[in-house]
Amino acid sequence: MKKTFSSNKKLIDWISKMARMCQPDRVVWIDGSDEQKLTLEKQSLAEGEIMRLNQEKLPGCFLHRTAPDDVARTEHLTFICTRKKPDAGPTNNWMSPSCAYNKAREIFKGAMKGRTMYVIPFSMGPVGSSFSKIGIELTDSKYVVLNMMIMTRVGDHVLKALGKDGDFTKCLHSKAQLDIKKRLILHFPEDNTIWSVGSGYGGNVLLGKKCLSLRVASFIARKEQWLAEHMLIMGIEGPNGHIEYIAAAFPSACGKTNLAMLIPPEGLKAKGYRIWTVGDDIAWMRIDTDGRLWAINPETGFFGVAPGTNSKTNPNMVETIRKNTIYTNVLLKPDGTVWWEGADGEAPLEGIDWRGQPWRKGIKDSEGNPVKGAHPNSRFTTPITNCPSASFRLDQPHGVPISAIIFGGKRQHLAPLVYEAFNWQHGVFAGASMASELTAAQMGKLGQVRRDPMAMIPFCGYNMGDYFRHWLNMGKKMAKPPKIFYVNWFRTDEDGKFLWPGYGENLRVLEWILDRCNHKVQAQKTPIGYVPMRSNIDMTGLPLPEGVLDKLLAIDIKEWQKELVGIKEFFKLFKKGLPEELWQEYDDLLARLKANS
Ligand code: GTP
Ligand code: SPV
Ligand code: MN
């Protein structure tokens, strides 16, 4: 392989030091070339780390299986290692830097013996943009290299941009023994350093993603006065041909990817609507000289949830993942293609499941539960440029202007389909008091409701009390702040069935949101915020049964009063660290609910 050089002394010294600790047999620099990618694929195939899929039906596609206990982010093994404990805040796991480095060093020592250490220079954001940050990931996993080449901008041009004395996030990863007892995901925001060991699962090991672009970036963003958020970014081209952009924060596996590339339902398509996908997971946002908030997606690919993806729910994604895609933990069909629960067509009669075991349609485990073919958090890694709705502004160094920020989560009850915050401060309260049901994206109890402010509870790299303060300050700095909304696609009826059809139909709600931003429609003032008048949601082509829209928009005062108990409990965790403004919003909501009860 071609040798790559960097004249950056800090980089060279750091690599030598890490190599001395991990003791790889060799060090290989990733230059970003197709030629090198092909070599890596070949080696990875030979080692059985990836499998080539049916090249006629899925050209350039591969399958990878992780260890059965390494299938989702491990939040209990994820730490923010600030020098002072309070700087990590009450919602993060904390370890002192010295303790964390010592513990991990013991696992990293000699972990790469017999392996290659790859040096991946990557840029989050367009190379050279003032938004962008450079990271260098050292890893002993070819799977990580191949994924990073899809998810980020990788190669020599990044080293060139780094130059002789540029700064970078030092990202070290080793699979080590893939032992959950020796697994640690450590962030040292004060050292601009990430150490991840003992895992091979995406969110734990693609260090440019959650570790750099959210945990470390959020820490930097507060200092530099911008925002690093767990948000999709999408452009909505309206009937007049004008494109407006929105950003939305939903917790993991709560619908960001799906919303970001929705296809307008017939009733709205006729009006001329069209969607442009900018990003599905992460937004970096800065205030520009026009007083507005501008956003980029620092990534170049999707690491999307497979189950439930089909040509009804997400036709654009079905199209996207036909080529050059790495599938992880899905079912392998006899014809060398793949399948997951909720994929197009009938379930196959047989295949090899995500664990690598023979699987037959309808098989049950010893307790009589159906055995899933694909893991519920199985995913695909695929380039954003494959996506038919990919925005033409993906590489614009200054990003896109954001008209609305949307928060949301999975709530069977309580939250209505949509409401608008009274103002920025109230919107920050709505975000800060968000809660959602746990999904398969994190190891833990499925379905349990937990507080997940701004969908950032697993991803904020510092004290969330300070994070809320930062959000409040950002609002004050903008002459034209985006309006803030809250949505819930997941309200259910008495039988537990979704009341709202979701997916493409969600555009009906987005249309109302933009109409509100453009002062086109009035709304109904309620104790929790502005709610649509029924007639202002265009329901053309969507005949919901009588009364369903009312149920979707209803606000149950008693339930909200109960919710406030949970919010109070959460806010109290922060003690004096919670901005007074949020307690003010809490009190005001309490009073408005009382006045309406
Ligand atoms: P991360 O990648 O984990 O951050 O998740 P995400 O927010 O991008 O989630 P994604 O869009 O992949 O959605 C996860 C699950 O929610 C999938 O099973 C979808 O089918 C389901 N889903 C998405 N949108 C809707 C919707 O509007 N209604 C309903 N009922 N389900 C939805
Ligand atoms: C999430 O869990 O929010 C994801 C997937 O987007 S991962 O990158 O694994 O964190
Ligand atoms: Mn995510």
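No lab work stands behind these numbers, since they all come straight from the coordinates. None of the values given here were measured: they were computed from a predicted structure. Cβ: placed from backbone, ideal geometry, glycine included. Neighbour counts: every protein chain shown.
Below, the figures for the structure above:
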{"read-out": "Label-zone membership for the range 386-409, site Lys269, 7 angstrom Cα→C-beta point, backbone N under 15 Å", "value": "388-389"}
{"read-out": "Cα convex hull of the range 249-329, projected area averaged across orientations, nm²", "value": "7.3 nm²"}
{"read-out": "R0 of 25 Å, Cβ-Cβ distance Asp191-His76: FRET efficiency to nearest 0.05", "value": "0.65"}
{"read-out": "In order through the range 119-129: 3J(HN,Hα) via Karplus (6.51 cos²θ - 1.76 cosθ + 1.60), integer Hz, x for Gly, Pro", "value": "9, 10, x, 9, 10, 8, x, x, 4, x, 6"}
{"read-out": "Tail beyond 19 Å, pair distance distribution of the range 145-206 (Cα, percent)", "value": "42 percent"}
{"read-out": "Cα-Cα P(r), the range 396-532, percent of pairs per 5 Å interval", "value": "2, 9, 17, 20, 21, 17, 10, 4, 1, 0"}
{"read-out": "Cα centroid separation, the range 467-506 to the range 527-567 (Å)", "value": "13 Å"}
{"read-out": "Sites matching trypsin sites (Lys or Arg not before Pro) across the range 131-185 that sit in DSSP coil, with at most 13 neighbouring C-beta atoms within 10 Å", "value": "Lys164"}
{"read-out": "Contour minus Cα-Cα distance for Phe5 and Ala19 (0.36 nm per residue)", "value": "3.4 nm"}
{"read-out": "Relative contact order computed over the range 211-332 (Cα-Cα under 8 Å; 6+ residues apart), in percent", "value": "24 percent"}
{"read-out": "Cβ charges +1 (Lys, Arg) and -1 (Asp, Glu), total dipole of the range 33-166, debye", "value": "400 debye"}
{"read-out": "Förster-model FRET efficiency, 35 Å R0, His519 and Lys160, C-beta, rounded to 0.05", "value": "0.15"}
{"read-out": "Entries in Lys497/Lys562; Lys109/Lys175; Lys85/Lys133; Lys312/Lys333 that, when Cα-Cα distance is taken, lie over 19 Å", "value": "Lys497/Lys562; Lys85/Lys133; Lys312/Lys333"}
{"read-out": "Sequence-separation-based contact order of the chain, relative, with Cα cut under 8 Å and 6+ spacing, percent", "value": "15 percent"}
{"read-out": "Along principal axes, Cα extents of the range 346-467, largest first, whole Å", "value": "54, 37, 31"}
{"read-out": "Linear extension gain, Ser311 paired with Leu573, 0.36 nm per residue minus alpha-carbon span", "value": "90.0 nm"}
{"read-out": "Given charges at beta-carbon only (K, R positive; D, E negative), |dipole| of the chain in Debye", "value": "1540 debye"}
{"read-out": "Estimated Rh, the range 360-424: Kirkwood, alpha-carbon pairs, angstrom", "value": "17.8 Å"}
{"read-out": "Calculated FRET value between Gln177 and Arg534, using beta carbons and R₀ = 41 Å, to 0.05", "value": "0.10"}
{"read-out": "Protection-proxy order for peptides 470-477, 258-265, 289-296, each taking the mean of Cβ atoms within 10 Å per residue, highest first", "value": "258-265, 289-296, 470-477"}
{"read-out": "Kirkwood hydrodynamic radius over Cα pairs of the range 485-545, then Stokes diffusion coefficient at 10 °C and 1.306 mPa s, in µm²/s", "value": "124 µm²/s"}
{"read-out": "Nitroxide proxy distance, nm - points 7 Å out along Cα→Cβ at Ile12 and Phe392", "value": "4.5 nm"}
{"read-out": "Percentage, to the nearest whole number, of Cα pairs in the range 310-352 over 17 Å apart", "value": "31 percent"}
{"read-out": "Coordinate range along principal axes, alpha carbons of the range 460-500, Å, largest first", "value": "45, 27, 12"}
{"read-out": "Relative contact order (%) - the range 237-289, alpha-carbon pairs under 8 angstrom, separation at least six", "value": "41 percent"}
{"read-out": "Equivalent-ellipsoid semi-axes of the range 64-161, from the Cα gyration tensor, Å, largest first", "value": "26, 21, 15"}
{"read-out": "Where labels lie 7 Å past Cα in the beta-carbon direction, separation of Glu580 and Lys109 in nm", "value": "5.2 nm"}
{"read-out": "Viscosity 1.306 mPa s, 10 °C: Kirkwood-radius Stokes-Einstein D of the range 108-177 over Cα pairs, µm²/s", "value": "125 µm²/s"}
{"read-out": "For the chain, with +1 on Lys and Arg beta carbons and -1 on Asp and Glu, the positive-most of Asn192, Cys460, Thr382 along the dipole", "value": "Asn192"}
{"read-out": "Nonlocal amide H pairs with Thr526, under 5 Å, H built at 1.01 Å", "value": "Val531"}
{"read-out": "Cut-off 17 Å (backbone N to label point 7 Å along Cα→Cβ of Glu494), residues of the range 545-572", "value": "545-552"}
{"read-out": "Rounded to whole Hz, the Karplus (6.51, -1.76, 1.60) HN-Hα couplings of the range 450-461, x for glycine and proline", "value": "9, 5, 9, x, 6, 6, 10, 4, x, 10, 7, x"}
{"read-out": "Residue-wise HN-Hα coupling along the range 175-187, computed from phi with Karplus coefficients 6.51, -1.76, 1.60 (Hz; x: Gly, Pro)", "value": "5, 6, 9, 6, 9, 4, 6, 10, 10, 9, 10, 10, 10"}
{"read-out": "Mean-position separation - Cα centroids, the range 294-372 and the range 401-457, in angstrom", "value": "27 Å"}
{"read-out": "Principal-axis tilt of helix 557-572 within the chain, Cα atoms, nearest 10 degrees", "value": "40 degrees"}
{"read-out": "Stokes-Einstein diffusion coefficient of the chain, Kirkwood radius over Cα pairs, 10 °C, 1.306 mPa s, in µm²/s", "value": "64 µm²/s"}
{"read-out": "Mean shadow area of the range 449-597, taken as a quarter of the surface of its Cα convex hull (nm²)", "value": "11.0 nm²"}
